[in-house]
Every structure is written in structure tokens, then in C-alpha cells.
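Enquirer: Below you'll find the structure I mean.
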């Protein structure tokens, strides 16, 4: 199983941030997220889980940072076909979320995407 750590910054007008893990479990993408205050990191929410069927993933790709560089990290962009699936995800809009991937986790994100597109979706989900 491939696991990708990510973050979402600038939540709640810069007062909050989200950290989490993305993994694939069978025919679902599984997010584990925790929101905390961006000032001291003391106030934290409970860990939440969000599951998205792989059949509803329209695209999953890495985009490079500012001026085409990756030295500050990259973004993993997930687009779903259903807006409701990401309604609980902080920073998501129109069924799309941009996860910030730290530079040290870029290889894990690349391996995750390669594995994601190599594994076929089960026939039960296609019918």
C-alpha cells in the first residue's frame, strides 16, 4: 500500500491548516485528515476519514510549483465526478482539491499515482 502525506494551508483566512494521509484501500481512496490552528498548532480537531470510490475519480495528477519548480513541493490535484464526495474536505471546491505535497514526499506521490493508474477498477464498480 502506498501512503502519501499531504497538507492544506491557508484555511479559514490563514488561521487553520489541515494535515493528512492519502491511501488507496481496494476500490476506494481513503483520506485521514486533522485540522489544526496555524498559529500554535495546539487546537486540533478529531481525525476525520473521507472515502471516495475510485470509479468517481476523474483525474489524479501532480502539478509543479511556482515557475515549474518542485523545490518547494508540488500539488497533487484530485478531481471527482461528484461534488458531494469532497464536501467534508477542507479547501475542496467543485469536486476538486489540491493537496500540498512536501518535497521529501514527492517520490511517494509519484509512486502512488503510477500505482493508481496501473490498477484496474473492479468490474462491479463499472456496472
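The values are calculated or read from the model by the stated rules, or taken from the named source; none is laboratory data. What you see is a predicted model; the values in this text were computed from it and never measured. Cβ atoms come from the backbone with ideal geometry, glycine included; neighbour counts cover every protein chain shown.
Enquirer: For residue 73, all conditions in the list (1) modelled with pLDDT of 85 or more; (2) within 18 Å of residue 10 (Cβ to Cβ); (3) more than 13 Å from the chain's Cα centre (by Cα) hold save one; what is the number of the exception?
Expert: Only one criterion is unmet by residue 73, namely (1).
Enquirer: Turning to a different aspect of this structure: Which of the strands (runs of 3 or more DSSP E) contained wholly in segment 1-99 include at least 3 residues that are surrounded by fewer than 16 Cβ atoms within 10 Å (Cβ to Cβ)? Spell out how you get there, then give the answer.
Expert: Values: elements: 3-11, 16-25, 28-37, 48-53, 57-63, 74-80.
Because the criterion is at least 3 residues that are surrounded by fewer than 16 Cβ atoms within 10 Å (Cβ to Cβ), the strands (runs of 3 or more DSSP E) in segment 1-99 that meet it are 3-11, 16-25, 28-37, 48-53, 57-63.
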